[in-house]
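A short worksheet on the structure shown next.
The values are calculated or read from the model by the stated rules, or taken from the named source; none is laboratory data. Since the structure is predicted, the reported quantities are computational estimates derived from the model, not experimental observations. Cβ placement follows ideal geometry from the backbone for every residue including glycine, while neighbour counts extend to all protein chains displayed.
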Amino acid sequence: MTLSRDGDSVIGAIALVTGTLALVMLVSVPTGAAPDGAALQEPVATVTSASADLRARAVRTLGWRSLSPGAVVREDDSLFVPPGAEARLTFTDGTVLELDEKSLVVIEARKAGARRVAVRQGSVLGRAGQGTLELAARDGLARVPTDAEARLDLTSGSAQVSVVKGTATVGSGSLTAGQRGTLDNERLVPLAPWPVQLAAPEMGFRRFFHGTPPPLELTWTGAAAGDHVQVARDKGFAFVLDEAAAGAGSLPFARAEAGVFWWRVVDEQGAPRSEARRFSLLEDVPPVQLTPAEGEVALSTESAPMVFRWTQVRGITRYRVELSREAGFPTTDFSQVVDAVQLRVHVPLDEGTWYWRVRAAETGHEDAPPSAPHAFRLVHKPLLQAPELLAPEIEVKP
């Protein structure tokens, strides 16, 4: 059978429409939605801190979504940390993951009491909670028992494992605190300890500051003549911010801005003589209140709790809401901590004018500055609505 030119055009048009519909169906999968109508997995972890929004993608979906501090993470989620950032995940079983910049991990389903995290790229520090934490790479995995701590690093091309605390099973062997090695097809190849040991600050150290960041003292031991200490913005040390002779064993580092920084000790040729560590300087700014606004009337009952809302502060996931009769807060009449940027609660205080404020409530950060106090009127019974004139153009006379 032969087709005319018009017949070819019809078939071409049908094919174009069919392809367009298929493409629309392909890209219209809701970001983060469960595939094939399946229910979403239960949350297994929370982003407890991050210096920038993470990228996340659920299993068998195409679109990436943003994850801010306080967001939940589910099994089979893929997570990516953007360049120049860092993040911390806290699992429901107490496991903690510290994710470096450019890290890509997959939170796999828990099996036989072990939590497995597949590390596709970057560097991950894991501290096991209840049960075993498995950090898996292409060449093998590190099994970290409860209360032990180990790092899996893929930035050099090979899978390098170093143990920070306790003992971990790595491939066919084991490593204890201070030891390191590489994985080669499930085989552990031990590496010599670093000649220079970094002392303080510890890996993942975070300091909050007001105004200008104060100097941070970097200390180490074991440096030889000709060694230098370096501080950079990136783990690859492409742009070194500060460099000095390492013989003194310490360096007061000061910068005028917040951010994530890396430091290490190198020899005269620039070859590493120590591990590279990350620390973060975070500006301590208070949240901004959203609801209730200044002068707003707020209803609070058992069946209709009041809602307080405020803005997210970078690196903060716990907040304290405080209420007082006076703007100066000589006393605090109500206080509650929440792991979110809103609080829904029945306020057990008398009706009248109250002031509220909110501040960060991270552990070890109790001196965080509060937001400016906002006044609102608290009521426990709905206010009577004013009558509505249906025909206001009609003049009513007594």
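One table, with the values for the structure above:
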read-out	value
Per-region count, the range 233-250, residues within 18 Å of residue 202 (Cβ to Cβ) and either modelled with pLDDT of 95 or more or of a type in the set (Ser, Thr, Tyr) (or both)	2
Selection status of residue 198, of a type outside the set (Val, Ile, Thr), surrounded by 15 or more Cβ atoms within 10 Å (Cβ to Cβ) and in contact with a Gly (Cβ under 9 Å, 6 or more places away or on another chain)	no
Filtered residues of the range 158-171 (kept if over 25 Å from the mean Cα position of the chain (by Cα) and not hydrophobic (A, V, I, L, M, F, W, C))	158, 166, 167, 169, 171
The range 83-103 - residue that is of a type in the set (Val, Ile, Thr) and in contact with a Lys or Arg (Cβ under 8 Å, 6 or more places away or on another chain) and, of those, surrounded by the fewest Cβ atoms within 10 Å (Cβ to Cβ)	96
Where residue 295 falls short, out of the listed (1) at negative phi; (2) in contact (Cβ under 8 Å) with a residue 60 or more places away in the chain	(1)
Subset of the range 207-246 [surrounded by fewer than 18 Cβ atoms within 10 Å (Cβ to Cβ) and among the polar types (S, T, N, Q)]	212, 219, 221
Residue within the range 122-142 that is of a type in the set (Asp, Glu) and in contact (Cβ under 8 Å) with a residue 40 or more places away in the chain present	yes
Filter result for the condition that a residue is outside any strand (DSSP E or B) and acidic (Asp, Glu), over 202, 134	202
The lone exception for residue 336 - which of (1) over 18 Å from residue 362 (Cβ atoms); (2) under 29 Å from the mean Cα position of the chain (by Cα); (3) not in a loop (DSSP other than H, G, I, E, B) it fails	(1)
